[in-house]
Protein chains: 2
Amino acid sequence: MVERKVTSVDVARRAGVSQSAVSRTFTPGASVSVATREKVLAAAQALGYRPNMLARGLITRTTGLVGVVVGDLGNPYHPILFESLASRLQDRGKRPLLVHVPPQGTADAAVFEVLQYQIDGIILVAGSFAEATARECLAIGTPVVLVGRGIGDEGAEKLVDTVSSDNAGGARLAVEALVAAGHRRIAFIAGRRDTHSNSERHSAFLQALARHGLEPAGEEEGSYSYEGGRAAAQRLLARSPLPEALFCANDLMALGALDALRAAGLDVPGEISVVGFDDIPMAAWPAYELTTLRQDVDGIVTHAVDLLEARLSDHGRTAEQVILDVTLVKRNSARL
Amino acid sequence: MVERKVTSVDVARRAGVSQSAVSRTFTPGASVSVATREKVLAAAQALGYRPNMLARGLITRTTGLVGVVVGDLGNPYHPILFESLASRLQDRGKRPLLVHVPPQGTADAAVFEVLQYQIDGIILVAGSFAEATARECLAIGTPVVLVGRGIGDEGAEKLVDTVSSDNAGGARLAVEALVAAGHRRIAFIAGRRDTHSNSERHSAFLQALARHGLEPAGEEEGSYSYEGGRAAAQRLLARSPLPEALFCANDLMALGALDALRAAGLDVPGEISVVGFDDIPMAAWPAYELTTLRQDVDGIVTHAVDLLEARLSDHGRTAEQVILDVTLVKRNSARL
DNA sequence: ATGAAAGCGCTAACAC
DNA sequence: GTGTTAGCGCTTTCAT
């Protein structure tokens, strides 16, 4: 079965028109008479013709492909964001070309690879990124938008578009609420130390505490994972006096912490409060009822795609940094 | 900043060689002398040259792109499978081109769209698929492998390669274990009725019960979601006598069921047993300790990619249907 | 409105 | 081993 793919020439021949006529009927906004268009469409239909996007892209220099860098899909927040992003891109007529980066992996090498596919742009929702890589992307006219992360090398802001949640505001919200409810000994469970989100949440946490003349009642790293959160909480429980509250840099760790607290026989929120970050679906499960800071996934995705398209239609525009509000969702894991 | 992309011609000029020499140094297994290769590489490096995969694909008729159809990333089993698949493809030098289908969506339209990108093959881990679509893919030489699903129209087996877990075997394992432990009134919480996996799990469940002269102690649909499982369990709890065990078509529903049972004040596994299917990470969380049937994600992904590659190197080979064992993971949600 | 012709950037014969 | 020459399937002038 030696199948030859059907090309515009085949269609043209069958429709009795020129090859360019075929091209025109499949090019939005080209001038073809209804008569030819009909003939072409009929022939195309009969032959099962579909334009070759590669050949088209070679000429138009736009492929509709958007590189999407993802990773750590074990953290439920990511697939949710990713799913939303994928379907939004699709709605806008773009195709996500995936790049998976392992935890702590750098995206640079993979980015160069997808660049070969002449992608129209690239959206990073995971992985880090050297400034040089960003510059190279921009140099060849490929817009980059960073979601929930900063560029590897600090000080390179204003280079690419970014959208992220107000991590600092969220941490502040958590601390204020906790303090207002009378908590004094508040500990922090950190995410991966090398992430943008963690450092923002962490330092805002520290600052907010300081504003009340408080010091953290402990800090442990939980690497953004369930197991990490659990272990971190256990370590925190070895301290005395016990913390009165735990602020976790994400929900997954908070869930792990909650389980550790329960295993230790502690009453939540009676004896200890727990606050997370993200608002993943599990946070609402009755087994946890986690109080947390909700990220506006929909808003993040919308802005990311908008930014990309804006840049696509005006390569000269200056980079924007969008920051979206987070909201405190009060459930039952914290005495507030 | 009107950036012209650097092409092989630019590199050739700078290196003082022919354009084909450049092509050859970037084509694995072509004959170039070390001398020229060096010169070319140096020039390429200096200019920041990267081969254009689109142009290459136009000629070689292979792009390295693999369409991957995903959906329902809210069920933790899917992102896990998907992440594994994406990284395995990447390791094999392929690029996942994403197609997201909404729940109950059909993949056909989207498949035709990605086909325009001259993908080398297509892997479906979500969505359904008409037989006609499959035939069309095969007709143009694009291998299709179905993961964990059958083809839409029944009776079209042997058409495409498939890999899935032994759903029937898993259901049987669950029933046998439950019955052996003395359970008699066993109810079923179904996934989406229109899925391959659910019907296999369901009918094997029924058959296994029948072999013991038993009838299901109730059946409710939970649509594979947490909320669905919760609601289904609640409905089941309205019956009397109460079921002694719940077999859930996936873990997410089982978790919802567990929470419903707890809310009703039932002791698990003292008064009622719960068994799931998948073994998602949450199943192991101390809050649930769900007994479940584990799917061999790694094996599934490996076979899927192997099948795709095998088909790629021999388009004539007959379709294979791989079925992988599942294993019963005993935790604490069932008295076994 | 339509056909002819010229490439887009690359690989693959084909000579040398 | 290397340059020259044809295209891959398409869009886009340029005439008509």
Within segment B:177-197, which residues are within 16 Å of B:TYR224 (Cα to Cα), surrounded by fewer than 21 Cβ atoms within 10 Å (Cβ to Cβ) and in contact with a helix residue (DSSP H, G or I) (Cβ under 9 Å, 6 or more places away or on another chain)?
B:ARG192, B:ARG193, B:HIS196
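Yes or no: segment B:124-138 includes at least one residue that is of a type outside the set (D, E, K, R), at the interface with chain A (Cβ under 8 Å from one of its Cβ atoms) and surrounded by fewer than 17 Cβ atoms within 10 Å (Cβ to Cβ).
no
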Do we find a residue being within 14 Å of another protein chain (Cβ to nearest Cβ) and of a type in the set (Gly, Ala, Ser) anywhere in segment B:285-297?
yes
Subset of segment B:61-87 (residues that are surrounded by fewer than 20 Cβ atoms within 10 Å (Cβ to Cβ) and among the acidic types (Asp, Glu)):
none
By residue number, the members of segment A:22-48 that are within 13 Å of chain B (Cβ to nearest Cβ) and farther than 25 Å from B:ASN52 by Cα are A:ALA44, A:GLN45, A:LEU47, A:GLY48
Return the residue satisfying two criteria in turn: it lies in segment B:263-279 and is surrounded by 15 or more Cβ atoms within 10 Å (Cβ to Cβ) and charged (D, E, K, R), and of such residues it is farthest from the chain's Cα centre (by Cα).
B:ASP279
In the list A:THR302, A:THR318, A:THR292, which residue meets the criterion of being assigned to a helix (DSSP H, G or I) and among the hydroxyl-bearing types (Ser, Thr, Tyr)?
A:THR302
Positions within segment B:254-284 being part of a loop (DSSP other than H, G, I, E, B), within 13 Å of chain A (Cβ to nearest Cβ) and in contact with a Pro (Cβ under 7 Å, 6 or more places away or on another chain), in sequence order
B:ILE280
Out of all the residues in segment A:88-100, which are surrounded by fewer than 23 Cβ atoms within 10 Å (Cβ to Cβ) and more than 7 Å from chain B (Cβ to nearest Cβ)?
A:ARG88, A:ASP91, A:ARG92, A:GLY93
When only residues in segment B:27-47 that are out of contact with any helix residue (DSSP H, G or I) (no Cβ under 6 Å at 6 or more places or on another chain) and either within 13 Å of DNA strand D (Cβ to nearest atom) or in the same structural domain as B:GLN118 (by TED's automatic domain parsing) (or both) count, which is nearest to B:GLN116 (Cα to Cα)?
B:THR27
Of (1) of a type outside the set (Lys, Arg); (2) touching a Leu at 6+ places or on another chain (Cβ under 6 Å); (3) assigned to a helix (DSSP H, G or I), B:GLU220 fails just (3)
So, B:GLY16, is that one within 11 Å of chain A (Cβ to nearest Cβ) and either away from DNA strand C (no atom under 14 Å from the Cβ) or within 19 Å of A:TYR117 (Cα to Cα) (or both) or not?
no
Turns out the helices (runs of 4 or more DSSP H) fully within segment A:19-79 with at least 2 residues that are away from DNA strand C (no atom under 15 Å from the Cβ) and among the hydrophobic types (A, V, I, L, M, F, W, C) are A:34-47
Which listed residue, of B:THR291, B:THR318, is in the same structural domain as B:ARG88 (by TED's automatic domain parsing) and either of a type outside the set (Phe, Trp, Tyr) or surrounded by fewer than 16 Cβ atoms within 10 Å (Cβ to Cβ) (or both):
B:THR318
Scan segment A:324-332 and tell me whether some residue there is basic (Lys, Arg) and in the same structural domain as A:ILE122 (by TED's automatic domain parsing).
no
For A:ALA174, indicate whether it is buried (at least 24 other Cβ atoms within 10 Å of the Cβ) and within 12 Å of chain B (Cβ to nearest Cβ).
no
So which residues in segment B:298-318 are among the small types (Gly, Ala, Ser), more than 14 Å from chain A (Cβ to nearest Cβ) and more than 25 Å from B:LEU252 (Cα to Cα)?
B:ALA310, B:SER313
Select from segment A:194-213 the residues that are in contact with a strand residue (DSSP E or B) (Cβ under 7 Å, 6 or more places away or on another chain) and farther than 20 Å from A:GLN295 by Cα and list them in ascending order.
A:LEU209
Taking the conditions exactly as written (at the interface with chain B (Cβ under 9 Å from one of its Cβ atoms), at pLDDT 95 or above and surrounded by fewer than 17 Cβ atoms within 10 Å (Cβ to Cβ)), does A:LEU58 satisfy them or not?
yes
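The values are calculated or read from the model by the stated rules, or taken from the named source; none is laboratory data. Computed from a predicted model, the values in this text were never measured in an experiment. As a convention, Cβ positions derive from the backbone with ideal geometry for all residues, glycine included, and neighbour counts pool all protein chains shown.
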